[in-house]
Amino acid sequence: MSVIIVVGAQWGDEGKGKIVDFLTEKADLVARYQGGNNAGHTVVIKDEKYVLHLIPSGILHEGKACVIGNGVVIDPAALIEEMDGLASRGVETKGTLFISKSAHVIMPYHVAVDRAAEDLKGAKKIGTTGRGIGPAYTDKAARHGVRVMDMLNPDSLREKVTQNLVTANFLLENLYKVSPLDPHQIVQSYTGYAERLKPYIADTGIMINSAIEAKKNVLLEGAQGTLLDIDHGTYPFVTSSNTVAGGACTGAGIAPTKIDRIIGVVKAYTTRVGSGPFPTEIPGELGERIRERGGEYGATTGRPRRCGWLDIVGLRHAIRVNGFTGLALTKLDILDGIEKIKICVGYKYGGTVIEEFPKELEALDGCEPVYEEVKGWIESTVGITKFEHLPADARKYVRRIEKLLKTRMHIISTGQKRDEIIVLKEQF
Ligand code: IMP
């Protein structure tokens, strides 16, 4: 029995969906612990592609309990759409999906404020996904959020929505100059969503802890990545939740003493969506080539991702704040055919070389990457399942990363499909 957390080590989009899907084979319960439908986890099974936003990727394995934990913010309309989409492809959620009654609910005014606030910021915008994530977590922290359990009680729902709309509508009309929202309409549609979701709502903290007590294998699935963490990321260009391993305990309702392993998912290069500093960004043709080969377009918004070289400075920071027990390297095959590959081993800033990820945004903005150049490989690595079958230079690249990070590689993904994977160390 083990409890494993899977965390993105970069700016999200590391390919966590595939790693979670792979690990789910031996898991009994899979839980999401933060974020919302800003996430887009892509899983390819045979030739079928699934993109999951709120439901843990574990749902694609039959009979696994899948939990949306208390730390997640849930847009019920998006969740129902996702459930229906899965059902139309033969994936059932009845009896396997459980929604925390303590999770906070994304309301239409959160989405409206998220989008209007971004518009008002102009060039200074964060580049959010526009799904209402930030405003929903704002209400949670301000202690007037609507929780899933409130949705089940129409009187409580009406009272909260009416009260929250006093402020939200004032902002929408007077500051953002957009149309106000009608409380009756919101209460009516959310009461409908509650009816639909009622059979799935549970005290998921108790469920997860009971599974651990019963010595089951539990997988905790993070969304976004370490550098998008509200505390440890490139603030303010971050999401509004704790994406790091610590967030798994608060967002699932389990104690830190229950965690056995923490897997950091590292893409073989770096990508970032939205605004904010990105020291190893590759300008021009090569960046575009990686974007095209890697299909680096947002799974949620379709936005093109900015592409760059692997950044050891950022990854060292991720290792420190997450305490990774091992790494999963993804998309190694995307680097096939690139003659020379760069690895950023330090930042040049103010005349000196720094090895720690700067906290000040201005400093990070002014950092120049110090690169180590390694030889690339020409051969295809797609679908390779044994480490020794990788081209020698690909093996060297992997070993060099391990050495620089002082952390072992446990899994290497060599393609989109479920079985395109090298397992160096079993996790469960
Ligand atoms: P929000 O989470 O929609 O508020 O967006 C805040 C920042 O996080 C923006 O830069 C988004 O592009 C980024 N972001 C949010 N979710 C994801 C994700 O799943 N992958 C990558 N970036 C994300």
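Sites listed here are GluC sites (Glu not before Pro) in the stretch 320-411 whose DSSP assignment is loop and whose Cβ has at most 15 other Cβ atoms within 10 Å: Glu339, Glu355, Glu356, Glu360, Glu379.
Shown in residue order for the stretch 185-191 are the 3J(HN,Hα) couplings computed by the Karplus curve 6.51 cos²θ - 1.76 cosθ + 1.60 at θ = phi - 60°: 4, 5, 4, 4, 5, 6, 5 Hz (x for Gly and Pro). At the residue level, Trp309 shows approximately 20 square angstrom of accessible surface with a 1.4 angstrom probe and all protein chains present.
Highest mean packing first, where packing is the average number of other Cβ atoms within 10 Å per residue, the peptides 211-219, 55-63, 119-127, 236-244 line up as 236-244, 55-63, 211-219, 119-127. For the stretch 128-185, the fraction of 1.4 Å probe accessible surface lying on carbon and sulfur atoms is 54 percent. Ligands, DNA and RNA are left out, and with a 1.4 angstrom probe the accessible area of the stretch 104-196 is 54 Å² per residue. Only beta bridges with both residues in the stretch 266-423 are counted; by DSSP, about 75 percent of them are antiparallel.
Note on the chain: antiparallel DSSP beta bridges, both residues inside, total approximately 40 percent of the bridges counted. In this structure, the residue pairs whose Cα-Cα separation is over 29 Å, taken from Lys16/Lys396; Lys26/Lys359; Lys26/Lys267; Lys215/Lys425; Lys215/Lys331; Lys16/Lys64, are Lys26/Lys359; Lys215/Lys331. Here Lys258 is the anchor, and the aspartates and glutamates within straight C-alpha reach of less than 13 Å, apart from those fewer than 8 places off in the same chain, are Glu213. Can you classify the stretch 129-258 as rounded, prolate or oblate using the Cα gyration tensor, where a ≥ b ≥ c are the square roots of its eigenvalues, rounded means a/c under 1.5, and otherwise it's prolate if a/b beats b/c and oblate if not? The shape class here is oblate. Residues whose amide H lies under 5 Å from that of Thr330, counting only those 5 or more places away or on a different chain, are Val266, Lys267, Ala268, Ser413; hydrogens are built 1.01 Å from N in the peptide plane. When the Cα positions of Ile133, Leu165, His104 are compared along the charge dipole of the stretch 104-196, Ile133 comes out farthest toward the positive end, with charges on each C-beta of Lys, Arg, Asp and Glu.
Helical runs assigned H by DSSP (4 residues or longer) give the chain a calculated mean residue ellipticity at 222 nm of -10000 deg cm²/dmol, each run adding -39500 (n - 2.57) before division by the residue total.
Among 249-256, 81-88, what's the highest-first ranking by average C-beta atoms within 10 angstrom per residue? Provide the component values of the computation, followed by the final result.
On the way: 249-256: 19.1, 81-88: 15.0.
Ranking, from highest mean packing down: 249-256, 81-88.
Averaging Cα coordinates gives a centre for the stretch 64-82 and one for the stretch 387-409; these two points are 37 Å apart. Extending 7 Å from the Cα toward the beta-carbon at both Asp419 and Arg320 defines two label points whose distance is 4.3 nm.
What percent antiparallel are the DSSP beta bridges of the stretch 36-180, to the nearest 5? Let's see the in-between values first.
Details: 6 of 11 bridges.
Taking every DSSP beta bridge with both residues in the stretch 36-180, the antiparallel ones total about 55 percent.
Distance between the C-alpha centres of the stretch 264-322 and the stretch 149-165: 40 Å, rounded to the whole angstrom. Rolling a 1.4 Å probe over the protein chains gives Leu152 an accessible area of about 70 Å². Output the 0 to 90 degree angle, nearest 10, between the alpha-carbon long axis of helix 392-405 and the longest principal axis computed from the alpha carbons of the chain. Its long axis makes an angle of about 60 degrees. Each Cα pair under 8 Å and six or more residues apart adds its separation to the average, and for the stretch 104-196 the resulting relative contact order is 30 percent.
Here is the list for the stretch 56-113: trypsin sites (Lys or Arg not before Pro) lying in DSSP coil, each with at most 10 other C-beta atoms within 10 angstrom of its C-beta, are Arg89, Lys94.
Overall size of the stretch 266-423 from C-alpha positions, given as principal axis extents largest first: 44, 34, 29 Å. Given their separation in residues at 0.36 nm each and the Cα-Cα distance between them, Val178 and Leu286 gain 34.8 nm when the chain is fully extended. For the chain, the relative contact order works out to 20 percent when only alpha carbon pairs closer than 8 Å and six or more residues apart are counted. With the convex hull constructed from alpha-carbon coordinates only, the chain shows a mean projected area of 20.1 nm² over all directions. Relative contact order of the stretch 319-375, taken over Cα pairs closer than 8 Å and 6 or more residues apart, is 38 percent.
The values are calculated or read from the model by the stated rules, or taken from the named source; none is laboratory data. Treat the numbers as computed from the prediction; the structure is a model and nothing was measured. All Cβ positions, even for glycine, are placed from backbone atoms using ideal geometry, and neighbour counts span all protein chains on display. These area figures cover heavy atoms from the full protein model, side chains too; ligands, DNA and RNA do not enter into them. Shrake-Rupley method; radii C 1.70, N 1.55, O 1.52, S 1.80 Å.
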